[in-house]
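Shown next, in structure tokens, is the structure this report addresses.
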Amino acid sequence: QAEDGIRDTSVTGVQTCALPIYAPSYSSTTDKHMKNTRLIEFVVPGDPVAQPRQRHRVCTNNGRAMVCNYTPAKDPVNAYKRAIQLCARQAYSGTPIDGAVRVSLVAVFERPKSRCKKQNSREPKTTKPDIDNLQKSVFDALNGIVWRDDSCVCAVLAVKELCGDGEEPHTSILIETI
């Protein structure tokens, strides 16, 4: 019998944990600390580009052979990261944030020619690129500009969509200190 906890009646012979359930303090937009919250919001025009897999090569350092990871210089992700950095610098000129941040990311892709162009509203994009690789390219681009390191990101909402009627591809980024 669970005297001080929660009893799961669908499981027999196992007592469930009796820990209290709390919502994280940063989940409320009416938080009393909201006045200390910084919002940084900007839009990056153009097609979103996911971070590709790293390439590898053998290089030497002081006569020692090592494996070096790199992204080819001509990869489209490099131009995308530069565009993110330019837009971020226009939206935020402070020192890089060294505390917890929450990020909302909306990647809006061009509608394929095979899809109806007269679609008025956006619709979910369920094809490549993977959303985690989109996040990676955005987060890496913002290192040292908006935040010290992308390890400061504690919460993420990421969405991939196809453009609505008359809309151009872009990436909307909202960063909130928590």
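Derivation of every value follows stated rules applied to the coordinates shown; laboratory data play no part. Since the model is a prediction, treat every value here as computed from it, not as a measurement. Cβ placement follows ideal geometry from the backbone for every residue including glycine, while neighbour counts extend to all protein chains displayed.
What the table below lists for this structure:
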quantity	calculated
Inter-site label distance for Asn78 and Leu39 at 7 Å from Cα along Cβ, in nm	3.7
Translational diffusion coefficient (Stokes-Einstein; Kirkwood radius from C-alpha pairs) of the range 80-169 at 20 °C, 1.002 mPa s, in µm²/s	148
Sequence-distant residues sharing a close amide H with Leu162 (under 5 Å, placed H)	Phe109, Glu123, Lys125
Assigned charges on the beta-carbon of Lys, Arg, Asp, Glu; the range 52-112 dipole about Cα centre (debye)	220
Note, ³J(HN,Hα) from phi for the range 141-148, Karplus 6.51, -1.76, 1.60, rounded to Hz, x at Gly and Pro	5, 8, 4, x, 10, 9, 10, 4
